[in-house]
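Quick notes on the structure that follows.
The values are calculated or read from the model by the stated rules, or taken from the named source; none is laboratory data. The model shown is predicted, which means the values in this text are computed figures rather than measured ones. Note that we place each Cβ from the backbone using ideal geometry, even for glycine, and neighbour counts take in every protein chain shown. Accessible surface areas use protein heavy atoms only, side chains included; no ligands, DNA or RNA. Shrake-Rupley method; radii C 1.70, N 1.55, O 1.52, S 1.80 Å.
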Amino acid sequence: MAEIEADDDRVNLVAEQVIAAARTGDDALAIELADRALGDGMRHPALYNVRASGYWRDALYRAALDDLRSAVAMMPRNPMLWDKIGFCQLKLNEWKVARLSFETAIANAPALATAHYGRGLALQVLGDRVAAKAAHGRAVELKPDFAEALGSLALMSMGESNIPVARRFAERAFAVDRTQPTARIAMAMSGLQSGAIKAAAQGVSEVLQEGKFGDDPQANTVLGLIADAFDQRGDCAQAFAISSGLNRKRREIQEPRFKSSRASEVVHRLRRHFEREQAWPAPDNVQDASGPAAGHVFLLGFARSGTTLLETILASNAAVAALDERDCFSDAAKETLADETGIARLAALDGPELEEWRRDYWKSVQNAGANVAGRVFVDKWPFNSYRLPLIAKMFPHARVLLALRDPRDVVLSCFRRRFVQNADTFEFLVLEDCARFYAEIMDLVATMRPKLPLAIHQHRYEDMITNFDDSVRSVCEFIGIPWNENMREFQRAADGVLHPNAQSGQQVRRGLYKGAIGQWHRYARELAPVLPILEPWVERYGYSQVS
């Protein structure tokens, strides 16, 4: 279809109709007209901009971003387009490029308050608190009634333990919007710190009930901290209620992205396939599959099963190079696991295509900065568990460490922690979904193990905590590295291995911690609906004797 550009009178007429509909508040008509015109081959920045607003409304941020980029290609100096691009990138957790987009908007419109606010949000997550605070302050200078920016300043002031200043910013925010969520969350944290526990609980409950969370990503982080504070006080019901409310909102936001591509459905299809599948023979003549590494290890299992702790311990050995949670498989390789046809093709695959996938894999490892030459490379990505067929084909000589932890502690931790949203972590947002996803993956691994030519070693988190030397020595022997006394001082390796925002980073840095064992008992009432789903795996992995 030939494209009809913006200098065509017909396109301009349609664009004017779209803009008129949007200005009168008929957003549905404006979006419908824009979508139809773009489908007919018309190209105009207003058409892309309006359709992007529809995608944004439906939380389809990637689609919105694509349309906004098409619009800004036609109007590269339009600050409002760059501003919207920045907010889309924030929603997609693309913090660095979001900051650059907001800075482009500011370069073209220095007085655009929303761009300064958005830049401040990006800088917060990137760890530059001084610049973030200055950006939010500039937004408020430009727009004194900017409730969202005032709320962020209140929250940042609480992070500095400056309660009087936090209260002043919160009061200014409330004068504009009594329900401004970031300011209310800041005040709830203030209440906890000053001993006003009931008021803090009431404030958080109202935020969760109203479902208004705002744009500030730190607000959700602080809600998680408030949940942890109630947990530490022994009020597990309140802690769980906060986690549940957070997850309901996250699911509402993220469902349009993942409802048609559920990871649980992929796992379910794989399990049904391998229930019928014959055992795969060991491949012949696979050479140099380990690339530049002296050995290759996949550390997998399920999130919150102690994989980060084990990875850091292994990385403290000079014979090991580790890469923390970087998905190194190419999309072409992963697509073979999407359906029956792809799995059948993978089973029969040999030769040049596999070699190409291996080259892509090692290139990804190299680009991530891992120095694997002459060392045993540990690839830690928990959800490689359902990629075992891919590992068996591409790297049949690799060693696989299957990390285990009490399933009840795993599911509780996955439900209560905050993760960057992808197809896997989306399954954590409903307690029953999380438990079923765990059970499906464990069932899939159990089904595949006798049918894939892979060496797999089960490693229990609890054994590592209670009998460190024997547990880690067993792992070292399995992956072919010598035990080293320095492995007991693994905390020193954490900063060189872990991403600064890694969920498990704080726990790893404080060393071995027995208190994480059996946490589920404190939440037995909240977990009661899913305990029957987890019971077969509690039994199979020997946790019923210690419950």
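Just the residues that are within 12 Å of residue 269 (Cβ to Cβ) and in contact with a Pro (Cβ under 9 Å, 6 or more places away or on another chain), please, taken from segment 337-346.
Correct list: 337, 343.
Does residue 344 satisfy the condition of being among the small types (Gly, Ala, Ser) and in a helix (DSSP H, G or I)?
So residue 344 passes the test.
Quick one: how many residues across segment 309-341 are open to solvent by 40 Å² or more (accessible area, probe 1.4 Å), part of a helix (DSSP H, G or I) and among the charged types (D, E, K, R)?
Qualifying residue count, segment 309-341: 4.
Could you tell me which numbered condition residue 241 fails, if it satisfies all but one of (1) among the aliphatic types (A, V, I, L, M); (2) within 22 Å of residue 408 (Cβ to Cβ); (3) touching a residue at least 40 places away in the same chain (Cβ under 8 Å)?
The failed condition is (3).
Can you tell me which residue in segment 373-390 is surrounded by the most Cβ atoms within 10 Å (Cβ to Cβ), limited to those that are over 23 Å from the mean Cα position of the chain (by Cα) and over 19 Å from residue 477 (Cα atoms)?
Only one residue fits best here, namely 389.
Taking helices (runs of 4 or more DSSP H) that fall entirely within segment 390-487, which contain at least 2 residues that are free of Cβ contacts under 8 Å to residues at least 24 places away in the same chain and over 17 Å from residue 301 (Cβ atoms)?
Those helices (runs of 4 or more DSSP H) span 468-479.
Among 135, 131, 149, which is the only one that is at pLDDT 95 or above, of a type outside the set (Phe, Trp, Tyr) and under 24 Å from residue 204 (Cα atoms)?
Just a single option satisfies the conditions, and that option is 149.
When you go through 125, 97, 130 one by one, which is the residue that is of a type in the set (Val, Ile, Thr) and more than 29 Å from residue 175 (Cβ to Cβ)?
It is 97.
Within segment 80-95, track down each residue that is open to solvent by 30 Å² or more (accessible area, probe 1.4 Å), more than 16 Å from residue 66 (Cβ to Cβ) and in a helix (DSSP H, G or I).
80, 95 - these are the residues of segment 80-95 that are open to solvent by 30 Å² or more (accessible area, probe 1.4 Å), more than 16 Å from residue 66 (Cβ to Cβ) and in a helix (DSSP H, G or I).
For the structure I just gave you, tell me whether residue 125 is in a helix (DSSP H, G or I) and free of Cβ contacts under 8 Å to residues at least 12 places away in the same chain.
No.
Would you check if there is a residue in segment 207-222 being closer than 21 Å to residue 432 by Cβ, out of contact with any strand residue (DSSP E or B) (no Cβ under 9 Å at 6 or more places or on another chain), open to solvent by less than 10 Å² (accessible area, probe 1.4 Å) and not in a loop (DSSP other than H, G, I, E, B)?
no
Of the conditions (1) over 15 Å from residue 311 (Cβ atoms); (2) surrounded by 18 or more Cβ atoms within 10 Å (Cβ to Cβ), residue 422 clears all except one; give me its number.
(2)
Being closer than 22 Å to residue 221 by Cα and open to solvent by less than 50 Å² (accessible area, probe 1.4 Å) is the filter here, so list the residues in segment 96-113 that pass it.
Matches in segment 96-113: 98 only.
Note down all Cβ pairs under 9 Å where the first residue falls in segment 206-220 and is at pLDDT 80 or above, the second is among the hydrophobic types (A, V, I, L, M, F, W, C) and outside any helix (DSSP H, G or I), and they're at least six residues apart or on different chains.
Pairs that qualify, where the first residue is at pLDDT 80 or above and the partner is among the hydrophobic types (A, V, I, L, M, F, W, C) and outside any helix (DSSP H, G or I), are 207/213; 219/213; 220/213.
Take segment 239-252 and flag every residue that is open to solvent by less than 50 Å² (accessible area, probe 1.4 Å) and either over 20 Å from residue 527 (Cβ atoms) or assigned to a loop (DSSP other than H, G, I, E, B) (or both).
249, the sole residue that qualifies.
Give segment 260-283 a look and list any residue that's open to solvent by less than 40 Å² (accessible area, probe 1.4 Å), assigned to a helix (DSSP H, G or I), under 21 Å from residue 453 (Cα atoms) and not aliphatic (A, V, I, L, M), or say none.
271, 273, 274
Go through (1) in a helix (DSSP H, G or I); (2) buried (at least 24 other Cβ atoms within 10 Å of the Cβ); (3) out of contact with any Gly (no Cβ under 8 Å at 6 or more places or on another chain) and name the single condition residue 297 misses.
Evaluating residue 297 over (1) in a helix (DSSP H, G or I); (2) buried (at least 24 other Cβ atoms within 10 Å of the Cβ); (3) out of contact with any Gly (no Cβ under 8 Å at 6 or more places or on another chain) leaves (1) as the failure.
For residues that are open to solvent by less than 20 Å² (accessible area, probe 1.4 Å) and more than 13 Å from residue 155 (Cβ to Cβ), scanning just segment 190-200, find the one that is nearest to the chain's Cα centre (by Cα).
Only one residue tops the list, namely 200.
Among the residues of segment 357-372, is any crowded, with 16+ Cβ neighbours inside 10 Å, within 24 Å of residue 269 (Cα to Cα) and either hydroxyl-bearing (Ser, Thr, Tyr) or within 23 Å of the chain's Cα centre (by Cα) (or both)?
The answer is no; no qualifying residue exists.
Of the conditions (1) touching a Gly at 6+ places or on another chain (Cβ under 8 Å); (2) assigned to a helix (DSSP H, G or I), residue 377 satisfies every one except a single condition; which number is it?
(2)
I need the full set of residues from segment 250-281 which are free of Cβ contacts under 8 Å to residues at least 40 places away in the same chain and either under 25 Å from residue 413 (Cα atoms) or of a type outside the set (S, T, N, Q) (or both), in order please.
Listed by number, the residues that qualify are 259, 265, 272, 276.
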